[in-house]
Amino acid sequence: MKFSESLKKNSDFRRVYRKGHSKANGLLVLYVLPNDLNKNRIGISVSKKVGNSVVRHHLVRLLRESYRLSENSFKCGYDMVVVARPYAKDAGFHDVDNSFLSLMKYHHLFLE
């Protein structure tokens with residue numbers, strides 16, 4: 001079982017935005033930066049443009065669950081920030097999950 005935690009500090013988010021590499025699709029943007037730790041740290045950002053607090057929190061829960069279900073398939077040692085785009089508010093779990101996993105593949109973060 002892998003160990004991961006959340007990115008919480010604004011400075012950590014800014015560092016990943018500034019120095020990390022990003023890929024995007026219709027629903028999400030994923031920023032990735034190596035962190036020299038033996039664990040992944042994930043941060044989720046859903047702006048007010050996406051919807052009200054209920055919609056935003058629902059998307060955060062969907063993204064956390066998508067990460068949790070596939071966590072054992074990911075390489076360790078990365079800081080990741082997932083940014084939800086406005087179209088994500090109408091997406092179901094499978095759409096969000098497929099979108100997230102495809103971005104993880106783009107970044108080559110799956111174990112071989």
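See the values below:
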item: Cut-off 20 Å (backbone N to label point 7 Å along Cα→Cβ of residue 19), residues of the range 89-112; result: 107-109
item: Apportionment of accessible area to carbon and sulfur, the chain, percent (1.4 Å); result: 51 percent
item: The chain: relative contact order as a whole-number percent, Cα under 8 Å and 6+ apart; result: 36 percent
item: Overall form of the chain per C-alpha gyration tensor (a/c, 1.5; a/b vs b/c); result: prolate
item: Average accessible surface area per residue within the chain, 1.4 Å rolling probe, Å²; result: 60 Å²
item: Antiparallel DSSP beta bridges within the chain, as percent of all bridges there, nearest 5; result: 60 percent
item: Too-long pairs where the Cα-Cα distance tops 25 Å, listed order kept, from 39/89; 48/75; 9/39; 23/49; result: 39/89; 48/75
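The values are calculated or read from the model by the stated rules, or taken from the named source; none is laboratory data. This one's a predicted model, so the numbers in the text were calculated from it and none came from an experiment. Don't worry about glycine lacking a Cβ; one is built from the backbone with ideal geometry, like all the others, and counts go over all protein chains shown. SASA here: full protein model, heavy atoms, side chains in, ligands and nucleic acids out. Shrake-Rupley method; radii C 1.70, N 1.55, O 1.52, S 1.80 Å.
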